[in-house]
Structure formats: structure tokens, C-alpha cells
């Protein structure tokens, strides 16, 4: 992955997509092989990548602000530093009026944004996003896809980060990523890769364009030979 590149990883359930993210996050040690980020091994060494798990893992006893700053604090930032950095971002992430709220008081989309913000604040050069919008209704999902694209293209800090995104949605992969990598069923292997030639950010209407339709068909035929 290059600096600022967004790569989507798709494949059948159980093929190892989430496990791969956990390996890169330094949380799971592979039985063989190596995992490198920026030429440095991350096997058993958390901190090189910021990880957003599929289940969000928000702490129900911590406020929105306390959840947002958790990753940064674990990475070594002081509480004051983390709060100072998080406060102006809460507004941009659509959470400006909810600093003292509990996760249970947020909508599903707001909880998703909070989980992304927590990973974002970790300041790692690579963001690992595991099904960031998988549990949302279609309208909210489209809204957050557009929001994430805006964040990644208009924010200088975010645009320099590499993103590895796991999704089951082929359209979402093509809408958000510069490259889409396909894994086979277990045992998971990389079996196909496509480069998405359209510039980011991409409007939702692009899904009906001939190039998009052709790439979607190619990926679907790889997933369902």
C-alpha cells in the first residue's frame, strides 16, 4: 500500500479478512509468515496501525469524548493532549453536541463515526477499518460513505494515511477504494485485484457508469465463479 492509498479487501465470510486486520494491528500472531508496515514487522507489536473493529468496541461507561480519546491515550498521549486534539474534530465528525453523551444515547451512524474518530486520533500511519458501515441501513450507509470520502480527501492529515478497508459490499469497495483485493474462501488467498481508475471522492451516481458496472461485474464473477 502506498501513502494515502485506500485498499478494500473483499471475500467470502470466514476467509480471514478480519484476522488479517488483527495481525496488522499487532493483536493476533500468525502461525507463519511475516506482517510488515513501512518495512517494520508488526507481528505481536500493536501501535503501527490504528484499528476499528467490526463490533466497534465502544466502552458504554465512557462518554463520547472519553471513547474518542481512548486510542490516543493508549498510544501514549496524555489525557489533556488527546482531549485538545479531539475537541475540534468532534464537530467535523458530527458529534459536536454529544461530547458528554454515552454511546447508548447515539444513533447507529453516530456510533460508527465515533469508532472511526477513535481510530483516527491514534495517529498511526495506517487505518484498519473492519466493516465500518456494515450494520447500517442503506440511507445512513450512503451518507457515511460520502462523509468518509470527504474526510479522506479534504483533510491533509487523513489524506496522507493509508487505509485498509474490509467490506462485504462490492459497490462500497469500488466507491471508496483505489484498489480492490479479492480473497478466496478458506484457506484465504489473494486471487484477484483491480485498480479503480475513477478519481476520489466519487458521487453515489457513479455506480451506474459503464466503467463502474464493468468492474463490479468482474469482481462478482471472481467471487462467484
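The values are calculated or read from the model by the stated rules, or taken from the named source; none is laboratory data. Computed from a predicted model, the values in this text were never measured in an experiment. A quick note on method: Cβ atoms are made from the backbone with ideal geometry, for glycine too, and the neighbour counts reach across all protein chains shown.
Observations
- When the range 177-199 is filtered for residues that are within 17 Å of the chain's Cα centre (by Cα) and exposed (fewer than 15 other Cβ atoms within 10 Å of the Cβ), nothing remains.
- Unmet requirement for residue 131, which otherwise passes all of (1) touching a helix residue (DSSP H, G or I) at 6+ places or on another chain (Cβ under 7 Å); (2) within 23 Å of residue 204 (Cβ to Cβ): (1)
- If the condition is being part of a helix (DSSP H, G or I) and not assigned by TED's automatic domain parsing to the domain that holds residue 135, then the range 10-69 contributes 64, 65, 66, 67, 68, 69.
- Comparison of 129, 220, 144, 148 shows that the only residue that is under 15 Å from residue 10 (Cβ atoms) and either out of contact with any strand residue (DSSP E or B) (no Cβ under 8 Å at 6 or more places or on another chain) or assigned to a helix (DSSP H, G or I) (or both) is 220.
- Scoring residue 34 on the criteria (1) closer than 19 Å to residue 6 by Cα; (2) in contact with a strand residue (DSSP E or B) (Cβ under 9 Å, 6 or more places away or on another chain) leaves a single failure, condition (1).
- Residue in the range 9-25 that is surrounded by the most Cβ atoms within 10 Å (Cβ to Cβ), counting only those that are more than 16 Å from residue 181 (Cβ to Cβ) and within 16 Å of the chain's Cα centre (by Cα): 25
- Residue ID - farthest from residue 111 (Cα to Cα), chosen from residues in the range 137-157 that are touching a helix residue (DSSP H, G or I) at 6+ places or on another chain (Cβ under 7 Å) and at pLDDT below 80: 153
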